[in-house]
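What follows is one structure encoded as structure tokens, with my remarks underneath.
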Amino acid sequence: MLINSSNQPVTFKSVLHKKISLLIRDIKRNKISYLFLTPFAIIFFAFYLLPVLISMGLSFTYYNVLESPQFIGWQNYLNLFVSDDLFLQSLKITFLFALITGPVSYLASFFFAWFINELPRKIKMFLVVVFYAPSLSGQVFVIWSIIFSGDQYGYINGFLMELGFITEPIQWFTNPEYIMTVLIIVILWTSIGAGFLAFVAGLQTLDKSLFEAGYVEGIRNRWQELWFITLPQMKPQLLFGAIMTITASFAIHDVIVPLAGFPTTNYAAHTVVSHLVDYGTIRFEMGYASAIATILFIIMVGCNIIIQKLLKKVGT
């Protein structure tokens, strides 16, 4: 038990009561602002927070949609890590995707935005559309399926056969030796999305006077300018881009299905989200699927916390 400056014992109940009182006082003082926040708060609670809490609760049950949930404690989690070898394989594949596509797409998004920032306005806007378009176009899968087509008419196969590197077409999306490599290429191509736009917007709001002051203080090149002036001013955009990148890199599934099918050959590109979709929408084992979703949620939150701590050191 803690003692405050007035020699009164500080308990959890007293601290909670004080926090609630301060919150009520703040709501009364800024009631108009809270009134405008209310619709968003309701939507966020109903469609984001509440489903997460329900999913966590269902992860401790056996629930097949047709019957009422039956509480089974930690059994789903034990099955995941002890009995489900495919889940462990999907966890490994997911981390592999995340470790390769996450940092590469994050750095590429920032440096592309940084490089085009100094270009004339019309050229810059054109390049923004060019870089962002792959993340919007639904036809990107059609393009890549043609490029890596498994017959001799596929661009890559045709090119390699023409040069004499191969004698027969390679099944890029069905051969386990090539699936991961090809999918990583496609994912990197489509991963420059919201983070890229956030970086472009952040670079437009930089305080130009700080650059002049920096050169007076000893900044001598663009790399020092980037580290000591640009990045510290862009911490909100850097954090937003990191969150979006982490979420995308751990939630890879939609890119895999139209190219390599579901499931992939020998489960060579079976991610955690693929495992979740399998149990949640095909087998309807909602309790087990909720346990998978909870594990994935914890991993994402943990990675976001680590990224936030790393970004605090930027420019220091």
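Laboratory data are not the source of any read-out in this text; all were calculated from the coordinates shown. Note that the coordinates shown come from a computational prediction; the quantities given were computed from them, not determined experimentally. Methodologically, a virtual Cβ is constructed for each residue, glycine included, from the backbone with ideal geometry; neighbour enumeration extends over all protein chains shown.
Here are the numbers:
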read-out	value
Per DSSP, loop trypsin sites (Lys or Arg not before Pro) in the stretch 208-292 with at most 14 further Cβ within 10 Å	Arg220, Arg283
Computed over the stretch 164-223, the ratio Rg/Rh where both radii use C-alpha atoms and Rh is Kirkwood	1.37
Stretch in the chain that is longest and holds no GluC sites (Glu not before Pro) that DSSP places in a loop and that have at most 13 other beta carbons within 10 Å	119-316
Isotropic mean projected area of the C-alpha convex hull, the stretch 204-247 (nm²)	3.3 nm²
DSSP-assigned coil residues among chymotrypsin sites (Phe, Trp or Tyr not before Pro) in the stretch 70-166, each with at most 16 further Cβ atoms within 10 Å	Trp74, Tyr153, Phe165
Fully extended contour minus Cα-Cα distance, from Leu127 to Val216, at 0.36 nm per residue	28.8 nm
Helical segments meeting 15 Å axial Cα length and Kyte-Doolittle 0.5 threshold in the chain (DSSP H)	31-44, 85-116, 121-132, 176-190, 194-204, 235-250, 286-311
Equivalent ellipsoid semi-axes, the stretch 84-311, via Cα gyration tensor eigenvalues times 5, rooted, Å	37, 25, 14
